[in-house]
Amino acid sequence: RSVYDDQPNAHQRFMEKLDACIRNHDREIEKMCNFHHQGFVDAITELLKVRADAEKLKVQVTDTNRRLQDAGKEVIAQTEEIIRCRVQQRNITTVVEKLQLCLPVLEMYSKLKEQMNVKRYYSALKTMEQLENQYLPRVSQYRFCQIMIENLPKLREEIKEISMSDLKDFLESIRKHSDRIGETAMKQAQQQKIFSTALQKQNNVNYGRNMHLSRNRILESKNEITLKRTFEEDDEHEEEMLTAQDLVDFSPVYRCLHIYSVLGDGEIFENYYRKQRRKQARLVLQPQSSMHETVEGYRRYFSQIVGFFVVEDHILHVTQGLVTRTYTDELWNMALSKIIAVLRTHSSYCSDPDLVLELKNLIVVFADTLQGYGFPVNRLFDLLFEIRDQYNETLLKKWSGLFRLVFQNKRAFCIASLYYLFFSQQSFPKKLPMSQSVPQIYIQVKEFIYASLKFSESLHRSSTEIDDMLRKSTNLLLTRTLSSCLQNLIKKPHIGLTELVQIIINTTHLEQACKYLEDFISNITNISQVTVHTARLYGLSTFKDARHAAEGEIYTKLNQKIDEFIQIADYDWTMSESDGRASGYLMDLINFLRSTFQVFTHLPGKVAQTACMSACQHLSMSLMQMLLDSELRQISMGAIQQFNLDVIQCELFASSEPVPGFQGDTLQLAFIDLRQLLDLFMVWDWSTYLADYGQATSKYLRVNPSTALTLLEKMKDSSKKNNIFAQFRKNDRDKQKLIETVVKQLRSLVNGMSQHT
């Protein structure tokens, strides 16, 4: 470091010291070389001596090496071959070991592919599970194993898609086959019911024997239908014995359920299946708009519903968890509410009782079928009671038309037109007062009871309830339909007195026949009439009301006929003296009344007497109104005399007892007002009338002052007009003064009466 210091001549001094040091080392090297030089020379000399020997040795070694190499070439070649074989053997052993490890994996994968090809998807999933858990972990280091591992999820998804596609095809298939499945199930249930009923009747001979006589007609018709069905069903026996499993392949459901269960998606599958079946249920429960028009529409509707729930019941019993009882009950309750609403709506459109009856039979078979599968159907039978009321309404409408046809028959009111081959004590054939419509109506009522009974069958009701239903429906027929038809018939304008008389006679006989209808119903239901809960028929009141209406109509028509005769009366109210004989119109009227009352011989005495009294009173009132008519201004004494002759004929008619049963002059009292009024004017006994007025013993007690005043004023005006020269005759002047005096007194009486009232 001091060399580079800034001291002067430092570098020069350093170089001098270095040269001195080199000279020292050179002297030491020279000394050492001088010491070893002789040995070096000796060594070189010896080496030179050895060179020749080394060359000779080299030649020998080279020759020996050559000869050795030539001799070892074959050994080397064989050794290399041995080494190569040993490597190959080791590699082969390794490959065999690895192949033995991979072959089961490949075999399982090949098996998986084969299972996929033959659509054994559940087995394929099991194979995948074994591959993943047992085989693939052993060879996970190989690339083909990774490819397999990547393909397995894809295969699972493929299996899910394929199984779901099969399930969709299955759902579509059962939707198409539901009606056939339901039809088969309903036929089997119906056959089972027929068999059970026949067995029950065979075990209870008395039941069949008692029911045979009263229900012979129904049984005959049933036997014909049963025989016809038997022949048809024998040809199709094998088809009808098929079950839902025979008609539909359920394997897609089982397979899909197992596949999704294995894949851990069982809940997803259950939810999907139930959701799709709910949708199908809504479609099945949606009826066609024209379903109510034919029975086939109802049958197809019921068959589809039954088929749907038969399938669900089958799934419930052959699978575990896919369909539960709670689920089916919930689905059935939803369906039942919809079914009842649909049937209420569509049955209300039906006006044909035969179609309603067929609908009832279908509902019974439908309910019995589903009840056999464990579904509650009480609400359906409750619905049948509602439909039964509608059925009765359609029957009532139908029988209303039948009754109208009976009444429209020209012979319906022909008296004694029906001949019977019974009733002793008279020669044959015997004529009866009732007309042909009576037995026809009775037969129609029995036919109605038969028709009503048809609906009451198979409703699982007791004989007492059936008896009560029959009696109630029969009461409706009598009190509403028949009563309305009778009332309308009675009110028809073209019905004459003869027809009204016949209606009264007919209703009397029909009233008497009601007890036979009671017996008829008791016989077909085996329920005694003495039973506490047995309803009674209201036919008595129905026919009584009709009879009373006919009686009232007789009174009205009689009065109308009298009015017609009165309208043709043609009095000359200004005539000076009478013709000396009664008016022609009045004689015609009396002859009409006499012939009419002869027809009343078959009527009850009270009715005929009331009609006769009513006619006489109306005639008397009409004649009185004729005298007091405000449009009639003048009446002469001659007109009064002529009017008196007509009243005398009326009194003679009343005294001739046109209808038997009147006591004394009861009928003549109908004309007492007219008689006393006319006597007052004919005798001109005003002093007596005015003197005795208001006394119970008065000769003219029935003459009202206002009536006498009205008539007297008409005569007063007539006297003034007809007696122009009356002032020149003293008698006429006196009579005119008397009339004026009486008029004043009558007016005072009338005014006194009005003030008193």
Inset, instruction - Name every residue in the stretch 129-152 that is among the hydrophobic types (A, V, I, L, M, F, W, C) and farther than 24 Å from Glu97 by Cα, in order of residue number. - result: Leu152
Inset, instruction - May I ask you to verify whether Asp368 is under 21 Å from Ser462 (Cβ atoms), open to solvent by 70 Å² or more (accessible area, probe 1.4 Å), charged (D, E, K, R) and not assigned by the TED database to the domain that holds Glu457? - result: no
Inset, instruction - Find the residue count for the stretch 656-690, including only residues that are open to solvent by less than 70 Å² (accessible area, probe 1.4 Å) and either in contact with a Leu (Cβ under 7 Å, 6 or more places away or on another chain) or outside any loop (DSSP other than H, G, I, E, B) (or both). - result: 18
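Yes or no: Tyr693 within 17 Å of Leu678 (Cα to Cα), touching a Phe, Trp or Tyr at 6+ places or on another chain (Cβ under 7 Å), modelled with pLDDT of 85 or more and surrounded by 15 or more Cβ atoms within 10 Å (Cβ to Cβ)? Let's see the steps before the verdict.
Numbers: within 17 Å of Leu678 (Cα to Cα): yes; touching a Phe, Trp or Tyr at 6+ places or on another chain (Cβ under 7 Å): no; modelled with pLDDT of 85 or more: yes; surrounded by 15 or more Cβ atoms within 10 Å (Cβ to Cβ): yes.
Here the answer is no, as Tyr693 does not meet what is asked.
Looking at the stretch 717-734, is at least one residue modelled with pLDDT under 90, aliphatic (A, V, I, L, M) and within 29 Å of Ser614 (Cβ to Cβ)?
Step one: of the stretch 717-734, the residues modelled with pLDDT under 90 are 717-734.
Then keep just the ones that are aliphatic (A, V, I, L, M); that gives 724, 726.
Next, from what is left, pick out any that are within 29 Å of Ser614 (Cβ to Cβ): none.
Checked the stretch 717-734: no residue is modelled with pLDDT under 90, aliphatic (A, V, I, L, M) and within 29 Å of Ser614 (Cβ to Cβ).
Would you point out which residue out of Asp368, Asp313, Asp329 is part of a helix (DSSP H, G or I) and free of Cβ contacts under 8 Å to residues at least 60 places away in the same chain?
On the way: Asp368 fails: free of Cβ contacts under 8 Å to residues at least 60 places away in the same chain; Asp313 fails: free of Cβ contacts under 8 Å to residues at least 60 places away in the same chain.
Of the residues listed, the single one that is part of a helix (DSSP H, G or I) and free of Cβ contacts under 8 Å to residues at least 60 places away in the same chain is Asp329.
For the stretch 371-384, give me the residue count where each residue is in contact with a Lys or Arg (Cβ under 9 Å, 6 or more places away or on another chain) and either closer than 18 Å to Leu355 by Cβ or surrounded by 18 or more Cβ atoms within 10 Å (Cβ to Cβ) (or both).
Filtering the stretch 371-384 for residues in contact with a Lys or Arg (Cβ under 9 Å, 6 or more places away or on another chain) gives 374, 381, 383-384.
Add one more test, that the residue is either closer than 18 Å to Leu355 by Cβ or surrounded by 18 or more Cβ atoms within 10 Å (Cβ to Cβ) (or both), and what stays is 383-384.
Total satisfying the criteria: 2.
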Inset, instruction - For residues that are more than 18 Å from Ser178 (Cα to Cα) and not in a helix (DSSP H, G or I), scanning just the stretch 284-296, find the one that is most open to solvent (accessible area, probe 1.4 Å). - result: Ser289
Legend entry - Test set (1) surrounded by 10 or more Cβ atoms within 10 Å (Cβ to Cβ); (2) free of Cβ contacts under 8 Å to residues at least 24 places away in the same chain - Ala71 fails condition number: (1)
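Here's a check for you: in the stretch 431-465, which residue that is within 25 Å of the chain's Cα centre (by Cα) and part of a loop (DSSP other than H, G, I, E, B) is farthest from Glu386 (Cα to Cα)? If you could, list the steps in order and put the result at the bottom.
As a first pass, look at the stretch 431-465 and keep what is within 25 Å of the chain's Cα centre (by Cα): 448-462, 465.
Right, trim to part of a loop (DSSP other than H, G, I, E, B) and you get 457-462.
Values: Glu457: 15, Ser458: 15, Leu459: 12, His460: 15, Arg461: 15, Ser462: 18 Å.
This residue is Ser462.
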Legend entry - Residues of the stretch 249-283 satisfying the condition of being among the hydrophobic types (A, V, I, L, M, F, W, C), more than 15 Å from Glu172 (Cβ to Cβ) and open to solvent by 70 Å² or more (accessible area, probe 1.4 Å): Ile268
Inset, instruction - Six or more apart or on different chains, Cβ under 8 Å: which pairs go from a residue in the stretch 662-684 that's touching a residue at least 12 places away in the same chain (Cβ under 8 Å) and closer than 14 Å to Leu623 by Cα to one that's of a type in the set (A, V, I, L, M) and open to solvent by 50 Å² or more (accessible area, probe 1.4 Å)? Could you list them? - result: Gln676/Leu701
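Being open to solvent by 30 Å² or more (accessible area, probe 1.4 Å), outside the structural domain of Leu453 (by the TED database) and aromatic (Phe, Trp, Tyr) narrows it down to one of Tyr349, Tyr301, so name that one.
Details: Tyr301 fails: open to solvent by 30 Å² or more (accessible area, probe 1.4 Å).
Result: Tyr349 is the single residue among Tyr349, Tyr301 that is open to solvent by 30 Å² or more (accessible area, probe 1.4 Å), outside the structural domain of Leu453 (by the TED database) and aromatic (Phe, Trp, Tyr).
The values are calculated or read from the model by the stated rules, or taken from the named source; none is laboratory data. Keep in mind that what you see is a predicted model, and the values were worked out from it rather than measured. Note that each Cβ is placed from the backbone with ideal geometry, even for glycine, and that neighbours are counted across all protein chains shown. All accessible areas refer to the heavy atoms of the entire protein, side chains included, with ligands and DNA or RNA removed. Shrake-Rupley method; radii C 1.70, N 1.55, O 1.52, S 1.80 Å.
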